[in-house]
Amino acid sequence: MTPDLHELLARYADGELSAEDRARVEAELAASADAAAELERWRSLRLAAHRALCDVELPAGVADRIARRVATDRGFAGTRTYRIASFLAVAAAIVLFVVFRSGGPLGRRPGVVQAGAVFGPAAYVDVFENCAKHHHAGVKLEGSCPIAAREAVGRVCGDYRVAVPDLRPIGYELCGICQCFGGGCKEGVRGVHAYYQRSGAPDDLISVFSTSACVKFQGCDKIECRQTKRTYELATVRTVTVVRWDESGGHFALVGEKNPKDLEKLAESVQIAAATGR
Amino acid sequence: MRKRGETAFEQAALPHMEILYRVALRLTGRPADAEDLVQDTFLKAHRAFDRFEMREHGIRPWLLRILHNTYLNRAAKERNSPRTADSELLAFVADENEDNANVLAPPVLNYEKVDGEVRAAIEQLAPEFRAVLLLWATMEYTYQEIAEILGMPIGTVMSRLHRARQQLARSLHDYARENRLPTREEAS
């Protein structure tokens, strides 16, 4: 049998031959038991491939997660009403005070390297999961927990200082602050990580990051970039969501084990305001 | 501006999620990546739904095309050195010429019992060949429909399918030899 006839038989099995080639193959099939047997094997191979590839079921939860994500996307693609409603859902505004002094994000001196970095959302999530939940659990600053936002000025990597937001209006108490972030100073990115615990719900933790340089996610393919008032990058790693944005020369991220919609609502209520210096 | 029928997209597209997931899993090889890929596909489709024109075969080919393009973009980024179409084609033509001299028919086997071997052979295929084979095996699309979904000439589909099928046949011959099963050649 010629190589050409093998391929013709395969295409005949697929019903993809021209009238001329079909006639040629049918003549061969009538004359050759080998050709007829081979045709059956091509058909069997396709069926085997079908079975091998179709034994996959959608895992539990995937359909719901994706449908929710599409619904969220629809909401955000909608009108201002949605934004206003989501904004009002969190009545208390969170104010992030950024300290001008000593080269904080808004007070950075000209010439300081501010090149962006690409760590991916996992960099935030790793800190959130390993730092907030484990290493620093129970750490108390200023001798008490909760502490007032104005008292919790992170001083990391020398001259980078930033005040962390007061989330008490929405029921979260500041429980720790550290300089854990990706490579920290080694990567040329200085960062403050503050983590919060919801009153009466010790497992409900969220984190706020403020970094000295823009730490973008890895492009916008795996994540969502939305243009609302700010441009948010959203990513979900396992069950943890990261909402990241840049504003007024600063770089911020909110991280929590929440669905993207809820966390984005929280982020939307964060107002960046320049403090007058301390 | 509101999109046409906000629920129209969900009604038309979401029922195809399982099929998209199946293809995505076979392309990526990892459930988490497959979920991510399907989610991206639906989000992109949702945003472009206004421009979608329903055709004879419904929305599924369009969704599969988005999924495939998204997958290729990701793969290119991960490789960080995407090959050009020309070099891909040249490499393929060279291989095909080599293959034509040595075309294999599938061996004599009990095909009811080789799903695992077939699956393993498919996973070994290069992504460009695997994508064609997936659509051919799981969807029963015609070559022309596969070409439209993947955005390539029908000749390329036929060539890639030929290569993919040859790889399957070769793997099954190896399997038969390793297990001392009689192949057609040995039987005759």
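Computed from the coordinates by the stated procedures, all read-outs in this text should not be read as laboratory data. Being a predicted model, the structure only gives us computed values, none of them experimental. Every residue, glycine as well, gets a Cβ built from its backbone with ideal geometry; the counts of neighbours run over all protein chains shown.
Observations on the model:
- Using C-alpha pairs below 8 Å separated by at least 6 residues, the relative contact order for region A:3-53 is 38 percent.
- Computed extension gain for residue B:144 through residue B:179, at 0.36 nm per residue and net of the alpha carbon distance, reaches 8.8 nm.
- 18 Å reach of a label modelled at residue B:8, 7 Å along Cα-to-Cβ, counting backbone N of region A:48-71: A:71
- Spin-label pair residue A:57-residue A:204: with each label point 7 Å from Cα along the Cα-Cβ axis, the two points sit 3.4 nm from one another.
- Cβ-Cβ FRET estimate between residue B:30 and residue A:19, R0 fixed at 45 Å, reported to 0.05: 0.50
- The simple Förster model, with R0 at 35 Å and r as the Cβ-Cβ distance, assigns residue B:123 and residue A:30 a FRET efficiency of 0.35.
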